1. So in the stretch 70-85, with the set limited to residues that are touching a Ser or Thr at 6+ places or on another chain (Cβ under 9 Å) and more than 16 Å from the ligand (Cβ to nearest atom), which one is farthest from Lys54 (Cα to Cα)?
2. Identify all residues within the stretch 86-126 that are closer than 21 Å to Val20 by Cβ and either of a type in the set (Gly, Ala, Ser) or outside any helix (DSSP H, G or I) (or both); write none if there are none.
3. May I ask you to verify whether Ala99 is in contact (Cβ under 8 Å) with a residue 40 or more places away in the chain and aliphatic (A, V, I, L, M)?
4. Counting only residues that are under 17 Å from Gly19 (Cβ atoms) and within 10 Å of the ligand (Cβ to nearest atom), which one in the stretch 44-64 is surrounded by the fewest Cβ atoms within 10 Å (Cβ to Cβ)?
5. Residues Asn32, Asn17, Asn6, Asn47: which one is farther than 25 Å from Ala126 by Cα and over 14 Å from the mean Cα position of the chain (by Cα)?
6. Is it the case, given these coordinates, that Ser67 is within 14 Å of the ligand (Cβ to nearest atom), under 10 Å from the mean Cα position of the chain (by Cα) and touching a residue at least 40 places away in the same chain (Cβ under 8 Å)?
7. Taking the stretch 93-112, which residues are surrounded by 24 or more Cβ atoms within 10 Å (Cβ to Cβ) and away from the ligand (no atom under 12 Å from the Cβ)?
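Quick note: the coordinates plus some simple rules give every number you see, no bench work behind them. Model, not experiment: these values are computed from the prediction. Note that each Cβ is placed from the backbone with ideal geometry, even for glycine, and that neighbours are counted across all protein chains shown.
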Amino acid sequence: MALYSNKVMDHFRNPRNAGVIEDADGVGEVGNAVCGDIMKIYLKIENDVVTDVKFETFGCGSAIASSSMATEMIKGKPLSQVLQLTNKAVTEALDGLPAHKLHCSVLAEEAIRSAVKDYYDRRGIAYDPVQFPGCDGHCEGCMG
Ligand code: FES
């Protein structure tokens with residue numbers, strides 16, 4: 001069996017939503033201290049709905065595929081649903097990742113969460129810190 005699914009290869013070779021949003025409403029950046037990879041997510045948000053999303057990922061193919069899939073999964077979704085996105089859901093949508101690559105999908109979950117938190121912080125919107133368990137500063141390079 002191939003190490004990577006067709007979906008992983010497709011999203012790696014043809015990433016969706018790659019790029020930058022200059023006037024983003026929220027930006028999240030996280031990194032993995034072990035592999036050194038970095039993922040940045042830009043969100044445009046209107047009425048609590050993600051109207052646009054872009055990513056920049058300096059990392060492995062699995063991280064790029066995870067970014068691409070995760071951005072597809074949150075586009076057009078309300079923030080309440082965006083915050084429910086787990087790395088497990090991203091991995092399943094990619095038809096799986098090898099065990100030693102699961103951490104790459106965790107970056108996508110954490111970067112999106114960090115971008116939503118940045119949006120709330122910029123707007124002065126109150127939130128329950130429990131919603132952001134991954135944003136306690138443990139992520140290398142976390143801007144949250
Ligand atoms: Fe670190 Fe993929 S090897 S994000």
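1. Filtering first and then ranking leaves Gly76.
2. Once the filter is applied, which keeps residues that are closer than 21 Å to Val20 by Cβ and either of a type in the set (Gly, Ala, Ser) or outside any helix (DSSP H, G or I) (or both), the stretch 86-126 yields Ala108, Ala111, Ser114, Ala115.
3. Spelling it out, it is not the case that Ala99 is in contact (Cβ under 8 Å) with a residue 40 or more places away in the chain and aliphatic (A, V, I, L, M).
4. Phe58
5. Asn6
6. The answer is yes for Ser67.
7. Within the stretch 93-112, Leu94, Ile112 qualify.
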